[in-house]
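*Asks:* Mind looking over this structure? Questions follow.
The values are calculated or read from the model by the stated rules, or taken from the named source; none is laboratory data. Predicted, not measured: the structure shown is a model, and the values here were computed from it. Here the Cβ positions follow ideal geometry from the backbone for every residue, glycine too, while neighbour counts run over all protein chains shown. All accessible areas refer to the heavy atoms of the entire protein, side chains included, with ligands and DNA or RNA removed. Shrake-Rupley method; radii C 1.70, N 1.55, O 1.52, S 1.80 Å.
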Amino acid sequence: MKRSSVISFLAALAMVATLTGQQGSSQGGTSTPTTPTTPTTPTTPTTPTTPTTPTVPTSPTTPQSPQWPSTTSRQPDSTSMGYERPIYVSGKVMLQDGTPPPESLVIELICGGSPRPQGYTDSKGRFSFQLGANQHMIADASSSGGGPFGSSGMGNDPWNRSSSGSTSRIGIDERSLAGCELRAVLPGYRSEPVSLAGRRFMDNPDVGTIILRPLSNAEGSTISMTSLMAPKDARKAYDKGREAAKKKKWEDARAQLQKSVELYPQYAAAWYELGVVHEQTKNPAEARKAYEQSLAADAKYVNPYMRLAAMAAMERKWQEVADTTERVLKLNPVDFPNAYFINAVANYNLQRSDAAEKSAREAIKLDTQHRIPRANHLLGILLADKQDFTGAREQMSNYLKFAPNAPDADAVKQGLAKIDQAIAAQSPAPAAPRP
């Protein structure tokens, strides 16, 4: 069977957005550029040895809500007394050497192993927010179709209930914080967690300092260290440019970011943000130049690589996509499961099945929160191509498990029926009964 682009490059772009935190910058700035319509998946023969390949939707579906810690066996608090009090936290994030992060970072709340973005640090590494108030915050962990905490996945969230049991946006009640902790998110670094167990609304909001320690085997990061050396005026223009981009004032954003890189040509983060603005204003040639300038300033800065991979995918330049994502994975092989998935997509379309399968398996291994169910889908297709129908069935079933409301769920179920037929055809016929 002739291979073609069975996996949509648009799905790959959705994964790129997840990695970089884009519907904006990696720290919640500008919006992800509009992508073209998903190409149509070719028709697959209906022979029992080749299961039907389902159509790929434009983005992954929100996984089911995670299981939350028990809220029983606690002393009465503000919630059980008929009203709910907001709980505020504040603190700061520092690198191991005592300096603040050079750019804004996401602060996550972790409960029962499930992360939930809460807020951002400022330019000095400080943060302050009400727990649970920012339900629809866009961040690295939640931009993939809303993530497990997106608007379509909040229905069973115990932190989003008022005392009457109806949903609200008041915040998180005190009883829900048992086993919860805060951490900062910076790929290439590990965050020391801060426990929130036992915290109440009357407590001092200061939770102290979150320390980030670099990983020995990860050189690449979504933060550029060149930002530490940015002159005051360049940093001021950069901040103004990001603020304008958040408000979709693209011309103002472009002017401020251009000023920033003129004042400080090594400002990799500013070049990157300028590239995103050029993409938003439909100027891909200038966007590519800006991303290349960003990498010239800091070759270990991951974000420009991912945007360049996205642009190459839009043009179906699969070899370029594979090469660019491989560079990301060499810089940091542990923090970017999305890069493995996109690499698998590229290698599939280059008819490199073994390389595609290896990357798809790595994506699934690292994606412990199942935010990339498409990786299971792709691995299922690859295994079906190898006649490993049992393995294909497992992966397709996992896809439906992690993305039960996917637009192509019915098509995948039909594909599973074909796989079952193929498994039955491979099974030895039962022996005829003796007369």
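*Asks:* Let me know the charge dipole size of segment 218-357 about its Cα centre in debye, to the nearest 20, where only the beta-carbon of Lys, Arg (+1) and Asp, Glu (-1) is charged.
*Replies:* 540
*Asks:* Let me ask something additional. What's the whole-number percent of alpha carbon pairs in segment 243-287 lying beyond 13 angstrom?
*Replies:* 48
*Asks:* Remind me, what semi-axes does segment 342-435 give for its equivalent ellipsoid, largest first in whole Å, using sqrt of 5 times each Cα gyration tensor eigenvalue?
*Replies:* Details: eigenvalues 162, 53, 25 Å².
They are 28, 16, 11 Å, listed from largest to smallest.
*Asks:* Does anything in segment 241-266 have its amide N under 17 Å from the 7 Å Cα→Cβ label point of Asp233, and if so which residues?
*Replies:* Within reach of a label on Asp233, which here means backbone N under 17 Å from a point 7 Å along Cα→Cβ, segment 241-266 contributes 241, 255-266.
*Asks:* Return one whole number: the accessible area per residue of segment 257-326 in Å², for a 1.4 Å probe.
*Replies:* Details: 2550 Å² over 70 residues.
Per-residue accessible area for segment 257-326 comes out at 36 Å².
*Asks:* Sticking to Cα atoms, compute the Rg of segment 223-334 to one decimal and its Dmax as the biggest Cα-Cα distance, whole number, in Å.
*Replies:* 13.9, 41
*Asks:* Could you tell me the distance between the Cα centroids of segment 287-362 and segment 387-421, to the nearest Å?
*Replies:* Cα centroid to Cα centroid, the span is 27 Å.
*Asks:* Expected output is a single nm value to one decimal: the length gained when fully extending between Glu243 and Ser90, i.e. 0.36 nm times separation in residues minus the C-alpha distance. What is it?
*Replies:* Working: separation 153, 0.36 × 153 = 55.08 nm, distance 2.24 nm.
Length gained, Glu243 through Ser90: 52.8 nm.
*Asks:* Based on the Kirkwood radius over alpha-carbon pairs, what is the Stokes-Einstein translational diffusion coefficient of segment 258-324 at 25 °C with 0.890 mPa s viscosity, in µm²/s?
*Replies:* Answer, rounded: 208 µm²/s.
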